[in-house]
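The values are calculated or read from the model by the stated rules, or taken from the named source; none is laboratory data. Not measured: the values here are computed from a predicted model. Cβ coordinates were reconstructed from backbone atoms using ideal geometry, including for glycine residues, and neighbour counts include every protein chain displayed. For the accessible areas, the whole protein counts, side chains as well, though only heavy atoms, and no ligand, DNA or RNA atoms are used. Shrake-Rupley method; radii C 1.70, N 1.55, O 1.52, S 1.80 Å.
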Amino acid sequence: MDAFRGVVLIVFGVLALYRGWTLHTGRTALLAYALGVVSLAIGAWRVTHKPPA
């Protein structure tokens with residue numbers, strides 16, 4: 001289940017980065033970039049780490 005959540009977070013991170021790219025400027029674009037980066041980082045962490053025993 002952790003791997004599935006990680007993949008979902010990665011997809012949402014890519015969508016957030018794309019939304020930031022389409023906005024280009026302003027606080028909303030910076031927020032989209034920040035959320036995209038955080039989502040990609042958490043998603044990658046969930047995919048690469050082993051689930052708890």
Query - Leu17 in contact with a helix residue (DSSP H, G or I) (Cβ under 9 Å, 6 or more places away or on another chain), without any contact (Cβ under 8 Å) to a residue 12 or more places away in the chain and surrounded by 13 or more Cβ atoms within 10 Å (Cβ to Cβ) - result: no
Query raised in the report: Can you pull out the residues in region 20-47 that are open to solvent by 50 Å² or more (accessible area, probe 1.4 Å) and within 8 Å of the chain's Cα centre (by Cα)?
Result: Leu35, Val37, Val38, Leu40, Ala41, Ile42
Query raised in the report: Name the residues in region 3-14 that are under 22 Å from Pro52 (Cβ atoms) and surrounded by 14 or more Cβ atoms within 10 Å (Cβ to Cβ), would you?
Result: Gly6, Leu9, Ile10
